[in-house]
Each structure stands twice: as structure tokens, then as C-alpha cells.
Amino acid sequence: MTATTPGALSGIRIVDFSRVLAGPYATMLLSDFGADVTRLERPNVGDDTRGWGPPWYEGESTYFLGLNRNKRSIAFDLTDEADRAMAHELIAQADVVVENFRPGTLERYGFGYEQLAADHPALVYCSVTGFGSDKGAHLPGYDLIAQATGGLMSITGHPETGPAKVGVAMVDAITGLHAALGIQTALIHRLRTGEGQRVEVNLLSSALASLTNQVSGHILTGNVPKLMGNAHPSVAPYQPVNTADRPLAIAAANDKQFGALCHAVGRADLIEDPRFRTNTDRVAHCDELIEQLEDVFRTQGADHWFAVLVDAGVPAGPINDIGQAVAFAENLGLSPVVLPTDEPEGTGIAQVRNPIRLSRTPATYRTNPPKLPTR
């Protein structure tokens, strides 16, 4: 970002009361496109995630470092009158406030939406909660609890071993995306009308919305999805298969792709097998189909079959660990790891790239995550 090519959100000022993941993730996404973000953190303690390790990088939590680039932090004690006055001064110059306190907490200190909107009617105020501001207001918002109560764990895992959580705080991340989208939508409305408004997102609603086809199937038919391991409820074959070394995911989502798969692995006979002629047939006989395919896949390793299937036009990919995934993206030219441009040489903290690419106002990576604010 330069003076002649500002970020898409340059000039937007955000006061960020939020902590942990969903709120900070939202403000980081916005800061990548030029928004000026000031975090308010507890003096000498900071965000909870500053203490969430291992792993550590040069004494700092990698959890915190992964969510807070392009921001500054100021020590802020909600119970301190001078600090509250300072926060009000920041808000008077701000476009957006983001918070994820339990509903009612900030109102007790004069920072609720209605209180601030009375003096700043153009303010966009984003509240992130666990379970909304009505009957779920008293429930603490943690990703694990949202995965459990929101139905995600009920369809993640194997029948033999039971429900499992996703291996990252996925509901928090999705809620952060929803928060960022809501903030940008409210800013567009303000640009047209001059009116600010309150944006509310919560983990439970985000979890339900992210269930997409699974929740749609329940709402429309009453069907309650069950644990299926890595299989798909509506498409087959659409799951990992075992090879000679590591699993390979295949996604033959239509008859053409299934035919290409069968020809590629030398099992064209499966195409006319009455158990597998249509996708509906294949779903009904998924276990038998996978058994037939794995007899072939176990003769070579995943990388071999990946190359074969890609050449045949069949969607597939080896199950990479995170290191392999980063290397895979690098090999594809996606440049997944970035360094800040405004830090002294050799001091920049590497981060994963913002996935949104804009041709005129791209994301920029300017500064390291802020150090712990102290008194």
C-alpha cells in the first residue's frame, strides 16, 4: 500500500474491544485492506490468546500472532475512568467498533450500542456473541461449545469412535468472516445514507449456517444426518481412499467424472455395474464401491494416483499435513506465506496470506502483531 495506491478500506478507523479469535480475525481481515485498527487490551495481560501456547515464537504465542497483524494495541482497563475517557476519544474518531463481551457488560460502562449511537449516529457497531443477546446471552461463547451445540460435531467423526470436533476453531473463523462481511455491508449502507447501525453475529447461528446442505436437508425433510466418517451423504465416491502409503481424497461428483475415474484406474467394468450406474446407486452401495476401488489404489502411492487422476480430469488430492499443504500451495504459485513490509529487515513475522485477492487494491502486510501493552 502506498500513498498513490491506498487500500480499499484506507481511512476506515476501527476500535477493537474483541478478544480471542472471531473478533480479532474479522478486524485482521479488514486491516489487511487498509483499515486502521486499534486494539484495546488489558494492561500487562492482554488478549487471552497471548498465553495460549505452545507453540511459541520468540516467546510469543503463535495463536495471537496469527490473528493480529497490521494493528496497534493500547493498554485499556474497563474499570479505569481515565482509560474509559481515552476509549471514548478514540470512538469519537472511529467508523467501527467491534466487541465480543458478554451481552450487557459494555453497557454497564457506557460503551453499549445505544449509548454510543446517541452521540455517534454514523457508527457501525459489531457485536460478536456465543449464542445471541436474548435467551442465550448468559452462555459463554467458545468454539468447542458451538461445535457441540450447533450440530457440527454430530456429523463429524466415525460411527465407531463417536463425534469429533474439527481440528481448528472453525466456527470462530466462520463467525469472524460473517462479522467482517456484516461490517462492510453496514459501511456501504452508511456511505449511501450516512446512517450507522448495529451488526450482530453469533457462533451458534454461524455454525448452523455453515452446515449448508446438511441443515437444509433437515429443515426441508426432517432428516437428521448421522456420523458417516469421511463419506458424503449425497455423493459417491466423495471421500478418502487408502493407497499404498497415505490416503487420497477423490471427488467424482457426477457420472462423467465417475466414468473417467473407472477408466483411469483400469476398472471400466464398474461403470455398468448395476450397483454403481447412477450417483444414487453409488451412494446406496458406497461401501462396496470403495472396497472395489481400494483394491486398485493400494497398488501404488497417493502421489502416483494423484497424477493419474488429475490427467484424467478427476478431482483428487492427497491428504496433506499442514506442512505439506503449505508446500502444495507454494508449488501452485499461490505464495501462501507473507512477511510484513514495514518492519526492519530480518524482524518480520511470517504469516499466512489473506485469501481474498483484489486486482486494484490488494491486501497488504505492513506490520507485525503488536507487542503486549503495559503500564
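Annotations
- Above-threshold pairs, the threshold being 32 Å between Cα atoms, out of 135/165; 226/256; 71/226: 71/226
- Sequentially through region 194-203, phi angles give Karplus couplings (6.51, -1.76, 1.60; θ = phi - 60°) of x, 8, x, 6, 8, 10, 10, 10, 9, 4 Hz, Gly and Pro residues having no value and appearing as x.
- Under the convention that each Lys and Arg Cβ holds +1 and each Asp and Glu Cβ holds -1, the size of the dipole of region 177-275 around its Cα centre is about 320 debye.
- Label-point separation in nm, residue 189 to residue 164, each point 7 Å along Cα→Cβ: 4.1 nm
- Protein-only accessible surface order, largest first, of 226, 165, 71, 256 at 1.4 Å: 256, 226, 165, 71
- Virtual paramagnetic centre 7 Å along Cα→Cβ of residue 246, amide N under 16 Å, in region 272-315: 300-307
- Taking the protein heavy atoms of region 203-264 in the context of the full set of protein chains, the accessible area attributed to carbon and sulfur is 57 percent at 1.4 Å.
- Amide H contacts under 5 Å for residue 157: 164, 228, 229, restricted to partners 5 or more places along the chain or on a different chain, H placed in the peptide plane at 1.01 Å from N.
- Charge dipole (region 108-209, unit charges on Cβ, about Cα centre) - positive-most of 164, 141, 115: 115
- Sulfur and carbon atoms: percent of accessible area, region 1-147 [1.4 Å]: 54 percent
- A Cβ-based charge dipole, computed about the Cα centre of the chain with Lys and Arg at +1 and Asp and Glu at -1, lands at about 580 debye.
- For region 183-214 versus region 307-321, the spacing of their alpha-carbon centroids is 36 Å.
- Pairwise label distance in nanometres, residue 216 with residue 135, each label 7 Å out on the Cα-Cβ vector: 2.8 nm
- Using C-alpha pairs under 8 Å with a sequence gap of at least 6, the mean separation divided by the residue count of the chain gives a relative contact order of 18 percent.
- Average accessible surface for the chain: 51 Å² per residue, computed with a 1.4 Å probe over protein heavy atoms with every protein chain in place.
- Whole-percent carbon and sulfur share, accessible surface of region 265-375, 1.4 Å: 55 percent
- The spacing between region 274-292 and region 69-83, judged by their C-alpha centroids, is 59 Å.
- Burial order of peptide ranges 336-347, 15-26, 170-181, 141-152 (average beta-carbon count within 10 Å, highest first): 15-26, 170-181, 141-152, 336-347
- Calculated from backbone phi, Karplus (6.51, -1.76, 1.60) coupling profile of region 358-365 in Hz, x at Gly/Pro: 10, 6, 9, 10, x, 4, 10, 10
- Here the simple spin-label model places points 7 Å from the Cα toward Cβ, and for residue 304 and residue 353 these points are separated by 3.3 nm.
- Less than 5 angstrom separates the built amide H of residue 241 from those of 248, 249, 250, all sequence-distant by 5 or more or on a different chain.
- Estimated [θ] at 222 nm from DSSP helical runs (n ≥ 4, -39500 (n - 2.57)) normalised by residues in the chain, nearest 500: -10500 deg cm²/dmol
- When region 267-375 is described by a simple charge dipole with +1 on each Lys and Arg Cβ and -1 on each Asp and Glu Cβ, the residue from 368, 337, 280 located farthest towards its positive end is 368.
- Amide H contacts of residue 57 (H built 1.01 Å from N, in plane; Pro and chain starts excluded): 62 sit under 5 Å, all sequence-distant by 5 or more or on other chains.
- Whole-Hz couplings from phi, Karplus 6.51/-1.76/1.60, listed for region 35-47; x for Gly and Pro: 4, 8, 10, 10, 8, 10, 10, 4, x, 6, 10, x, 4
The values are calculated or read from the model by the stated rules, or taken from the named source; none is laboratory data. All figures in this text were calculated on a predicted structure; none of them were measured in a lab. Backbone-built Cβ (ideal geometry, glycine too); neighbour counts: all protein chains shown. Protein only, heavy atoms only, side chains kept; ligands, DNA and RNA dropped before computing areas. Shrake-Rupley method; radii C 1.70, N 1.55, O 1.52, S 1.80 Å.
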